[in-house]
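Input: a single structure, listed below in structure tokens.
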Amino acid sequence: MGLWLMDSVGGVRLADGSEAAIVSGIDDHSRFVVLAAVVAQVDVTGQDSRSASATSPVACIRTAGDAGSDEMPTGGRTMTDTKRSKKRSASAGTASDGFTEEERAAIKERARELKAAGRGGRKKADDEQAVLDKIAEMPDADRALAERVHAVIAATAPELAPKTWYGMPAYAKDGKVVCFFQGSQKFSSRYSTFGFNDPARLDDGAMWPTAFALLEWTPAVEEKVVELVTTAVG
């Protein structure tokens with residue numbers, strides 16, 4: 001388990017009139033908040049690096065683990081153990097394993113870009129994080145499928161904005177949901193569903209399908225999903 005995202009929110013005024021910042025860290029796998037701390041908010045202008053680092057978010061994260069250790073405890077395993085496990089998983093991965101390491105890195109980078117874009121960008125980043133949180137909560141089989149769908153849509157139709165819709169990962173254009181992923185556990189179904197809503201331009205004569213059963217991820221399935229998403233966004 002590695003650190004997925006660190007964030008801090010400043011300008012929180014305490015009862016005694018002082019200001020503080022809330023620092024949180026999100027786990028790379030479960031997307032749960034694994035650490036949270038309230039630290040004094042200081043103006044580091046003119047201070048030396050030792051004074052600034054004493055109250056920095058990074059300092060708080062390092063002290064959240066065992067004293068004197070650079071590794072954060074992660075449910076009985078150290079972060080080093082987890083990194084080794086991830087390397088082994090990556091080398092043995094298949095097309096249905098979910099996000100690749102490169103895709104995870106791209107998602108993190110995109111989140112940083114959106115937050116840097118201001119309030120509108122932060123809203124988009126928060127919406128995508130909500131989708132990733134929902135995917136992380138799914139059973140392994142559903143999660144792997146949902147991660148592949150998410151990655152394919154991000155690469156094929158970046159104009160579709162991730163958001164949650166009835167508690168499901170969905171992808172919208174101009175505020176309207178175009179497509180969504182429904183895990184099999186959602187309604188105790190024997191298969192997951194990749195579905196489309198009215199804005200999707202899948203018209204084909206007098207009748208056409210708008211939902212597809214999804215049992216496993218294969219190269220043929222990925223090709224079909226790419227084709228459907230490309231057609232849907234026109």
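Scanning region 159-180 for residues that are more than 15 Å from the chain's Cα centre (by Cα) and either closer than 12 Å to THR193 by Cβ or not assigned by TED's automatic domain parsing to the domain that holds ALA125 (or both) yields CYS179, PHE180. The one condition from (1) over 18 Å from GLY234 (Cα atoms); (2) touching a strand residue (DSSP E or B) at 6+ places or on another chain (Cβ under 8 Å); (3) surrounded by 17 or more Cβ atoms within 10 Å (Cβ to Cβ) that LEU160 does not meet is (1).
Residues of region 169-211 that are buried (at least 19 other Cβ atoms within 10 Å of the Cβ) and aliphatic (A, V, I, L, M): ALA170, ALA172, VAL177, VAL178, ALA200.
The values are calculated or read from the model by the stated rules, or taken from the named source; none is laboratory data. Keep in mind it's a predicted model, so treat the numbers as computed, not measured. Positions of Cβ are generated from backbone atoms using ideal geometry, with glycine treated the same way; all protein chains shown enter the neighbour counts.
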